[in-house]
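Student: Mind having a look at this structure? Questions to follow.
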Amino acid sequence: MCIRDRCDIFQDEGIYWWDAHYTGVGFCPSPPVSATAVVLGEALLGPGVLGLRVGALLAGTAIVLLAYGLARELFGGRAGLWAAGLAAVCPFFVALGTVTTPEPFLVVAWLGFVWLTWRAASQGSAGWWAAAGLVLAMGLYSKYMMVLAVPCLLVGLWMIPAWRPSLRRGGPWLAIGIGLLLFVPVFLWWNARYEWAAVRFHLASRHDWTLSWKLAARYVFGHAGVLSPVIYAGILFAFVVCARLWRRERHAAAAWVLSFGVLPILFFLPPSLFTKWTTIREHWDVVGYATGLLGLAAAIDGLGRVGGKARRTLGVVTFGTAMLVSACVAVAVIWPQTAVVFGTRPPTRKMLGWPELAQRIRDTRAQWDGPAPAVVTESFAPALCLGFHLREKGLIYTLDDERNHEYGLVDQLERWGIDEATLLRKHAGEDVLYVHEYRVERDEDPIEDPPDRILAL
């Protein structure tokens, strides 16, 4: 269990913590819900890892509850129980509820929007449509990809003949209008103040526009690892079952799962062909797989006339495999040395050692003659994680490292004032503490060259 600052943090969490405390919540690299959750969490529980992550813990719990309620609404009570169980043991969704990133808040908003629009379309209620619009705005403030909920809604309504007339009425457009009206003006106002930072980050900084099938293959097969292979295959199978039901019977719930599940997955496949290797992320289309879990739960419960024996086998194998994978990851997180024993890297290797390194810096500074020296790191990850554990701004800097450019964070680091130019302007001629990243690479050159450039500064 994480006890205050004795637990390590993920580099992305360092981004949201720094954004929350030192620059005011903004829209780059992600919208402000994650940083706001950090502010509220630490206000409630005090500084430390528990305060940093309490929002994600609550969102992870909400995902399980929403999976149960939505699957029950669409397919019945037993499907709801299966959906909750799968969400609770699937490695991907377990991880979403343990670290502060935009994804857990996005999934909560997405499932909430799917549920509310289903209710609104079923009942023709303006109140439900208005509520859906509020949730759409919340999702957009969590992560920009929530905008995909708009075409998913329109396609879903078109797929169900009885609901097609609603496309010519005010309900769906009321929800879309409320969501966009509450988000777009604020988004444009902030970006206009900061030279369109969020737009440049997502449309330019993270892509090299060189097609690579290797990148796409890594992206596709990476889903099997984060979801667990059986759940990944089961979700694809559920999409096939839903497609067959929609084609033969125009099954409304099956159409809803197809629209909100398949479209996000298809949308993010083309960008994986030209996104930089270091920024390929299997969580881009997490909302598609969150919706797919509902279809998988329904298939286990017998949707599409899946046979009794096959249904039981699918349920036991899917649930058991996911639980086993999650348990193995949990053991490796609690005792990282177990992964090393089996000749593999700990799954949380990027999160290990920051408290100890921060303490080493404190001890070195305590023996320093004169004012505390600045800390200089190669790239953003150690700078931001050490910033969290040292609880300071103004004495931590990152060099203009290639990794900062690969992740598209150069402009963000400059706005925070921890870039190389600021370092040289404020601390020219001073001694500093330098933290060198010794990273093992997978290419022909196994280890990075020594940091000779630091000597030239």
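The values are calculated or read from the model by the stated rules, or taken from the named source; none is laboratory data. Worth saying up front: this structure is predicted, and the values here are computed from it rather than measured. All Cβ positions, glycine included, derive from the backbone under ideal geometry; neighbour counts span all protein chains shown. These area figures cover heavy atoms from the full protein model, side chains too; ligands, DNA and RNA do not enter into them. Shrake-Rupley method; radii C 1.70, N 1.55, O 1.52, S 1.80 Å.
Student: For the stretch 54-68, which residues satisfy the criterion of being open to solvent by 20 Å² or more (accessible area, probe 1.4 Å) and either touching a residue at least 40 places away in the same chain (Cβ under 8 Å) or over 30 Å from Gly302 (Cα atoms) (or both)?
Tutor: Going residue by residue through the stretch 54-68, those that are open to solvent by 20 Å² or more (accessible area, probe 1.4 Å) are 54, 57-58, 61-62, 64-66, 68.
Residues satisfying the conditions are Val54, Leu57, Leu58, Ala62, Leu66.
Student: While we're here: Filter the stretch 117-155 for residues that are out of contact with any Gly (no Cβ under 7 Å at 6 or more places or on another chain) and crowded, with 24+ Cβ neighbours inside 10 Å; which is farthest from Phe201 (Cα to Cα)?
Tutor: My answer is Thr117.
Student: Helices (runs of 4 or more DSSP H) wholly in the stretch 290-389 with at least 1 residues that are modelled with pLDDT under 70 - which ones?
Tutor: Values: elements: 308-334, 337-341, 354-366.
Once the helices (runs of 4 or more DSSP H) in the stretch 290-389 are filtered for at least 1 residues that are modelled with pLDDT under 70, what remains is 308-334, 337-341.
Student: If I ask for residues that are without any contact (Cβ under 8 Å) to a residue 60 or more places away in the chain and either open to solvent by 10 Å² or more (accessible area, probe 1.4 Å) or under 14 Å from Gly353 (Cβ atoms) (or both), which ones from the stretch 376-389 would you list?
Tutor: Correct list: Pro382, Leu386.
Student: While we're looking at this one, here's another question. Residues being touching a residue at least 40 places away in the same chain (Cβ under 8 Å), of a type in the set (A, V, I, L, M, F, W, C), under 25 Å from Trp196 (Cβ atoms) and assigned to a loop (DSSP other than H, G, I, E, B): count how many of those fall in the stretch 390-425.
Tutor: Going through the stretch 390-425 one residue at a time, the tally reaches 1.
Student: From (1) touching a helix residue (DSSP H, G or I) at 6+ places or on another chain (Cβ under 6 Å); (2) aliphatic (A, V, I, L, M); (3) surrounded by fewer than 18 Cβ atoms within 10 Å (Cβ to Cβ), pick out the condition that doesn't hold for Leu181.
Tutor: Leu181 satisfies every listed condition except (1).
Student: Related question: Checking Val226 against (1) of a type in the set (A, V, I, L, M); (2) modelled with pLDDT of 90 or more; (3) touching a His at 6+ places or on another chain (Cβ under 8 Å), which test does it fail?
Tutor: Against the list (1) of a type in the set (A, V, I, L, M); (2) modelled with pLDDT of 90 or more; (3) touching a His at 6+ places or on another chain (Cβ under 8 Å), Val226 comes up short only on (2).
Student: Follow-up. Check whether at least one residue in the stretch 80-98 is outside any helix (DSSP H, G or I), open to solvent by 10 Å² or more (accessible area, probe 1.4 Å) and on the phi > 0 side of the Ramachandran plot, and report yes or no.
Tutor: No, that holds for no residue.
Student: Does Leu174 satisfy the condition of being more than 27 Å from the chain's Cα centre (by Cα), under 25 Å from Leu293 (Cα atoms) and crowded, with 16+ Cβ neighbours inside 10 Å?
Tutor: Criteria not met by Leu174.
Student: Turning to a different aspect of this structure: Go through the stretch 40-53 and give me each residue that's within 26 Å of Phe187 (Cα to Cα) and open to solvent by less than 60 Å² (accessible area, probe 1.4 Å). Reasoning before the result, please.
Tutor: Kept after step one, since they are within 26 Å of Phe187 (Cα to Cα), are these residues of the stretch 40-53: 40-43, 52-53.
Passing the criteria: Gly41, Glu42, Leu52, Arg53.
Student: Let me ask something additional. Restricting the search to the stretch 11-31, which residues are buried (at least 21 other Cβ atoms within 10 Å of the Cβ) and part of a loop (DSSP other than H, G, I, E, B)?
Tutor: Of everything in the stretch 11-31, those that are buried (at least 21 other Cβ atoms within 10 Å of the Cβ) and part of a loop (DSSP other than H, G, I, E, B) turn out to be Phe27, Cys28, Pro29, Ser30, Pro31.
Student: Of the conditions (1) more than 20 Å from Tyr289 (Cα to Cα); (2) modelled with pLDDT under 95, Leu96 fails just one. Which one is it?
Tutor: (1)
Student: Which residue pairs have Cβ atoms under 6 Å apart, sit 6 or more places apart or on different chains, and have a first residue in the stretch 219-244 that is touching a residue at least 24 places away in the same chain (Cβ under 8 Å) and a second that is open to solvent by less than 40 Å² (accessible area, probe 1.4 Å) and of a type in the set (Asp, Glu)?
Tutor: Gly222/Glu282; His223/Glu282; Val226/Glu282
Student: Would you mention how many residues in the stretch 404-422 are closer than 10 Å to Ser379 by Cα and surrounded by fewer than 17 Cβ atoms within 10 Å (Cβ to Cβ)?
Tutor: 1
Student: Can you pull out every residue in the stretch 346-402 that is under 27 Å from Gly51 (Cα atoms) and among the aromatic types (Phe, Trp, Tyr)?
Tutor: If the condition is that a residue be under 27 Å from Gly51 (Cα atoms) and among the aromatic types (Phe, Trp, Tyr), then Trp354, Phe380, Phe388, Tyr397 are the ones that fit.
Student: Given the structure, is Arg200 crowded, with 16+ Cβ neighbours inside 10 Å, modelled with pLDDT under 90, assigned to a helix (DSSP H, G or I) and among the charged types (D, E, K, R)?
Tutor: Details: crowded, with 16+ Cβ neighbours inside 10 Å: yes; modelled with pLDDT under 90: yes; assigned to a helix (DSSP H, G or I): yes; among the charged types (D, E, K, R): yes.
Yes; evaluated as a whole, the condition is true for this residue.
Student: Ala71 passes all but one of (1) among the hydrophobic types (A, V, I, L, M, F, W, C); (2) more than 30 Å from Phe27 (Cα to Cα); (3) open to solvent by 20 Å² or more (accessible area, probe 1.4 Å); which number fails?
Tutor: (3)
Student: Looking at the stretch 432-456 only, could you name the residues that are modelled with pLDDT of 55 or more, assigned to a loop (DSSP other than H, G, I, E, B) and within 23 Å of Cys385 (Cβ to Cβ)?
Tutor: Those that are modelled with pLDDT of 55 or more, assigned to a loop (DSSP other than H, G, I, E, B) and within 23 Å of Cys385 (Cβ to Cβ): Val432, His436, Glu437, Tyr438, Arg439.
Student: Select from the stretch 104-125 the residues that are modelled with pLDDT under 95 and touching a Lys or Arg at 6+ places or on another chain (Cβ under 8 Å) and list them in ascending order.
Tutor: Selection gives Ser125 alone.
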